[in-house]
1. Spot the failing condition for Gln180; the list is (1) in a loop (DSSP other than H, G, I, E, B); (2) within 29 Å of Leu42 (Cβ to Cβ), and only one is missed.
2. If you take the residues in the stretch 166-176 that are assigned to a loop (DSSP other than H, G, I, E, B) and touching a His at 6+ places or on another chain (Cβ under 9 Å), which one is farthest from the ligand (Cβ to nearest atom)?
3. Which of the residues belonging to the stretch 78-112 are touching a Leu at 6+ places or on another chain (Cβ under 6 Å) and farther than 19 Å from Tyr12 by Cβ?
4. Just need a number here: residues in the stretch 109-165 that are outside any helix (DSSP H, G or I) and under 18 Å from Tyr28 (Cα atoms).
5. Output the residue which, of all residues in the stretch 130-156 that are of a type in the set (Ser, Thr, Tyr) and touching a residue at least 60 places away in the same chain (Cβ under 8 Å), is nearest to the ligand (Cβ to nearest atom).
6. Restricting attention to the stretch 138-147, does a residue exist that is in contact with a strand residue (DSSP E or B) (Cβ under 7 Å, 6 or more places away or on another chain) and surrounded by 12 or more Cβ atoms within 10 Å (Cβ to Cβ)?
7. With respect to the numbered conditions (1) surrounded by 14 or more Cβ atoms within 10 Å (Cβ to Cβ); (2) within 27 Å of Gly110 (Cβ to Cβ), which one is the sole condition not fulfilled by Gly32?
8. Kindly list the number of the only condition in (1) crowded, with 19+ Cβ neighbours inside 10 Å; (2) more than 9 Å from the ligand (Cβ to nearest atom) that fails for Ile56.
Amino acid sequence: MLKIWDLPIRVYHWLQAILFIGLVVTGYEFIGAEQAHLVLGLALFIALLWRIIWGIVGSDTARFVNFLPSFQQLIRYVTKQQDHYVGHNPLGALMVVLLIFLLLLQAVSGVYISEFIDGKGILGRNVFRAFETFHTLNAIFLTGLSVIHILVIFVYQLQGNPLINVMFTGHKMMPSNFYQPKMMNNTNALLVLAVCIVLVILLIS
Ligand code: HEM
């Protein structure tokens, strides 16, 4: 049994999933929950910044450089030449990076069109409207991608690859020729989180 996902990654993942569902629900105007949407959006923005910085300074399996696949790695995975991975598999890694990137764009465009910033004053009305349109279309696209993500994960799970359990416990059964990846201290992750909270508060105040 190896420890694959550290606590920060697991907290980030499940928090992000809950926030995302809350954001989709409160995003509909007829629900009348604009304030809740703003608060959830800021929380997701903080979580994303945390994940991105942790992807640079965090544990081995959290680091983008360790799981962004090369073309050869993708081919090896697709042609089933390698089927065990510590962390994300090459195809999963592409989806993860796309999700994080689009979620970040969603958060940035959300802050830009929110009451926190004078978006119309900064780049003009047309750019403001373009951000609004992007925010709406990207929300639909992200919802579709999330559904695909969840379906694929369930297919793996049903095929006997318990990815969901691993995302809860952090531990995974691996062949004996795999080594334990280096895990960073949770206190470091808390410090990074504190910095992200301060950054977002500074941005909106
Ligand atoms: C109930 C719903 C969900 C389940 C069961 C689920 C399950 C998982 C699992 C098992 C992984 C690890 C995949 C691997 O081993 O390579 C993962 C990763 C990930 N999921 Fe989900 N997920 C859910 C919802 C979501 C949602 C709603 C989003 C975003 C909109 C999301 C975004 C991500 C991201 C970004 C990662 C990469 C985690 C990281 O490296 O930080 N997931 N998910």
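The values are calculated or read from the model by the stated rules, or taken from the named source; none is laboratory data. A quick note: this is a predicted structure, and the numbers were derived from the prediction, not measured. Ideal geometry is used to build each Cβ from the backbone, glycine not excepted, and the neighbour counts take in all protein chains shown.
1. In the conditions (1) in a loop (DSSP other than H, G, I, E, B); (2) within 29 Å of Leu42 (Cβ to Cβ), Gln180 misses (2) alone.
2. Here is the first cut: in the stretch 166-176, the residues assigned to a loop (DSSP other than H, G, I, E, B) are 170, 173-176.
In the following step, the residues that additionally are touching a His at 6+ places or on another chain (Cβ under 9 Å) were identified as 174-175.
Values: Met174: 12, Pro175: 16 Å.
My answer is Pro175.
3. Pro90
4. If we filter the stretch 109-165 for residues that are outside any helix (DSSP H, G or I), which is where we start, we get 114-118, 124, 159-162.
The next check asks that each one be under 18 Å from Tyr28 (Cα atoms); those that pass are 114-115.
Qualifying residue count, the stretch 109-165: 2.
5. Keep residues of the stretch 130-156 that are of a type in the set (Ser, Thr, Tyr), which gives 133, 136, 143, 146, 156.
With touching a residue at least 60 places away in the same chain (Cβ under 8 Å) added as a condition, the list becomes 143, 146.
Working: Thr143: 8, Ser146: 4 Å.
Step by step, filter the stretch 130-156, then rank; the result is Ser146.
6. Going through the stretch 138-147, the residues in contact with a strand residue (DSSP E or B) (Cβ under 7 Å, 6 or more places away or on another chain) turn out to be none.
No.
7. Answer for Gly32: the failing condition is (1).
8. (1)
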